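The values are calculated or read from the model by the stated rules, or taken from the named source; none is laboratory data. Small disclaimer: the values here were computed from a predicted structure and weren't measured. Cβ: placed from backbone, ideal geometry, glycine included. Neighbour counts: every protein chain shown. With ligands, DNA and RNA removed, areas are computed over all heavy atoms of the protein, side chains included. Shrake-Rupley method; radii C 1.70, N 1.55, O 1.52, S 1.80 Å.
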Amino acid sequence: MKKNRIEDLALFGGKPAFDQTLHVGRPNIGDRGRLLARFNDMLDRDWLTNNGPFVHDFERRIEQLLGVKHCVAMCNGTVALEIAARALNLTGEVIVPSFTFISTAHCLQWQEITPVFCDVDPETYTIDPGRIESLITPRTSGIIGVHLWGNTCRVDDIEAIAEKHGLKLLFDASHSFGCSHRGRMVGSFGCAETFSFHATKFINTFEGGAVVTNDDELAEKMRLMKNFGFAGMDRVIYIGTNGKMSEIAAAMGITSLEDMEGFIACNRNNYHGYRRRLEGWPGLKLMAYDEREKNNYQYVVLEIDPEQAGLSRDDLLTVLHAEGVRARRYFYPGCHKMEPYRSYFPHAGLLLPVTERLADRVLCLPTGTQVADRDIDLICDLIHFITGQADAILPFVRSERIAQ
Ligand SMILES: Cc1ncc(COP(=O)(O)O)c(C=O)c1O
């Protein structure tokens with residue numbers, strides 16, 4: 001229901017706009033019939049894990065879709081990053097953005113490699129190539145770029161820096177499955193790229209991930225590493241871990257891939273719905289997708305300029321949450337402000353002004369197959385109303401946040 005008076009807002013005692021909370025990243029479930037048929041096949045085969053036929057099929061489909069030689073499926077995106085970093089022999093220091101999910105930093109620190117945080121470009125939200133070189137030291141072994149929210153990194157510039165300094169280049173493409181960069185699918189840039197197929201991602205395997213690469217040797221090493229180093233029955237030839245994807249996960253992944261175009265069409269429709277309603281509204285900027293490229297439109301990212309909008313991102317979020325709109329502060333407060341990095345590098349923020357500004361200003365809005373056009377209209381009506389009434393709403397919102 002559209003709100004016309006401040007008393008109608010849930011925070012002021014009104015009925016929440018949504019009875020059922022709307023979330024960012026509710027799972028896309030593809031064709032349930034085909035999914036259940038695959039589960040039955042799997043049970044009939046008695047083959048639940050250990051590089052089964054579904055995992056094999058899932059990997060080959062991804063290679064074909066992305067035009068890349070090797071896809072190595074993993075149990076999740078974090079392990080994919082850890083294994084890729086290890087297989088690339090990353091050591092010492094690796095340059096990464098702080099404006100990302102914590103896994104991008106943790107995959108390094110987990111193996112005692114120091115993440116060195118680099119600021120991001122204010123337009124694309126991805127690592128700023130102009131700031132990378134000043135962070136290189138004799139201990140630097142690599143760079144991890146993150147194609148954040150489907151925005152691809154400035155790949156050419158980063159590749160040139162990596163080549164000039166002899167550094168390994170890995171991309172965390174967790175958000176960018178199905179996206180392209182200069183007409184080429186994400187997946188074959190750098191030494192390798194990683195994906196997450198977590199349930200919140202638009203292509204999901206419940207939990208899952210993958211590393212893709214054109215490097216035969218690297219792929220072989222990662223296949224060994226994800227399977228304890230086993231090269232055959234009773235024959236371990238390498239240090240390894242358990243990074244395997246299960247058959248049930250791959251069955252979900254294959255079904256998800258079959259419905260990928262439908263998911264993208266739905267995300268695109270949602271994104272443009274938000275765009276039509278929010279574009280030009282004072283103080284609000286919706287992240288743009290480069291329409292010349294393939295995009296998955298998986299994230300609807302809103303940046304709030306508190307001076308122009310009359311209230312901050314956190315103020316808006318407090319009111320939206322009360323209405324049942326669970327928008328999220330991705331990626332607040334930035335990796336450098338989380339432990340252990342916060343204690344290790346207490347002054348890192350001095351070199352990360354764009355990251356800190358964005359971390360305070362952006363939020364992700366609900367989208368995906370479970371969000372309808374009318375939900376988007378209602379969310380946009382709410383955002384218009386809240387920002388239009390900011391002066392009257394603010395004192396109450398702030399006291400409410402202190403009380404929480
Ligand atoms: C940018 C980024 N990197 C890595 C990951 C880790 O993926 P997973 O949750 O599959 O371990 C995520 C997950 O959300 C992510 O957003």
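Assess whether residue 156 counts as being more than 12 Å from the chain's Cα centre (by Cα), under 19 Å from residue 60 (Cα atoms), among the acidic types (Asp, Glu) and away from the ligand (no atom under 15 Å from the Cβ). In short, no.
So if I check each of 132, 158, which one is closer than 25 Å to residue 298 by Cα and open to solvent by less than 10 Å² (accessible area, probe 1.4 Å)? Even if it seems obvious, please write down each step before you answer.
Working: 132 fails: closer than 25 Å to residue 298 by Cα.
It is 158.
There is at least one residue in segment 364-373 that is closer than 15 Å to residue 316 by Cβ, buried (at least 22 other Cβ atoms within 10 Å of the Cβ) and touching a residue at least 24 places away in the same chain (Cβ under 8 Å). Is at least one residue of segment 179-202 open to solvent by 10 Å² or more (accessible area, probe 1.4 Å), of a type in the set (A, V, I, L, M) and outside any loop (DSSP other than H, G, I, E, B)? Yes, some residue in segment 179-202 is open to solvent by 10 Å² or more (accessible area, probe 1.4 Å), of a type in the set (A, V, I, L, M) and outside any loop (DSSP other than H, G, I, E, B).
Applying the selection to segment 339-350, what residues are crowded, with 16+ Cβ neighbours inside 10 Å and of a type outside the set (Ser, Thr, Tyr)? Spell out the reasoning first.
Residues of segment 339-350 crowded, with 16+ Cβ neighbours inside 10 Å: 341, 345, 348-349.
Hits for segment 339-350 are 345, 348, 349.
Pairs meeting the criteria (first residue in segment 115-139 and at negative phi and free of Cβ contacts under 8 Å to residues at least 60 places away in the same chain, second residue among the acidic types (Asp, Glu) and open to solvent by 50 Å² or more (accessible area, probe 1.4 Å), beta carbons under 6 Å, at least 6 apart or on different chains) are 129/157.
Contact map, segment 209-237: residues that are open to solvent by 40 Å² or more (accessible area, probe 1.4 Å) paired with residues that are hydroxyl-bearing (Ser, Thr, Tyr) and more than 16 Å from the ligand (Cβ to nearest atom), Cβ distance under 7 Å, separation 6+ or inter-chain. Pairs shown: 214/188. Of all residues assigned to segment 254-274, at least one qualifies as being more than 22 Å from residue 372 (Cβ to Cβ) and open to solvent by 50 Å² or more (accessible area, probe 1.4 Å).
Restricting attention to segment 351-360, the residues being open to solvent by less than 50 Å² (accessible area, probe 1.4 Å) and within 12 Å of residue 330 (Cα to Cα) number 3.
Just one of the listed residues (82, 63, 59) is under 19 Å from residue 239 (Cα atoms) and part of a helix (DSSP H, G or I), namely 82. Only residues in segment 347-361 that are in contact (Cβ under 8 Å) with a residue 60 or more places away in the chain count as the first member; pair them with residues that are open to solvent by 50 Å² or more (accessible area, probe 1.4 Å) and of a type in the set (Ser, Thr, Tyr), Cβ under 9 angstrom, at least 6 apart or cross-chain, and list the lot. Qualifying pairs under 9 Å: 351/134; 359/332.
Inside segment 117-129, residues that are crowded, with 16+ Cβ neighbours inside 10 Å, closer than 18 Å to residue 350 by Cβ and away from the ligand (no atom under 16 Å from the Cβ) make up a count of 2. There is at least one residue in segment 87-102 that is within 16 Å of the ligand (Cβ to nearest atom), surrounded by fewer than 23 Cβ atoms within 10 Å (Cβ to Cβ) and under 28 Å from residue 257 (Cα atoms).
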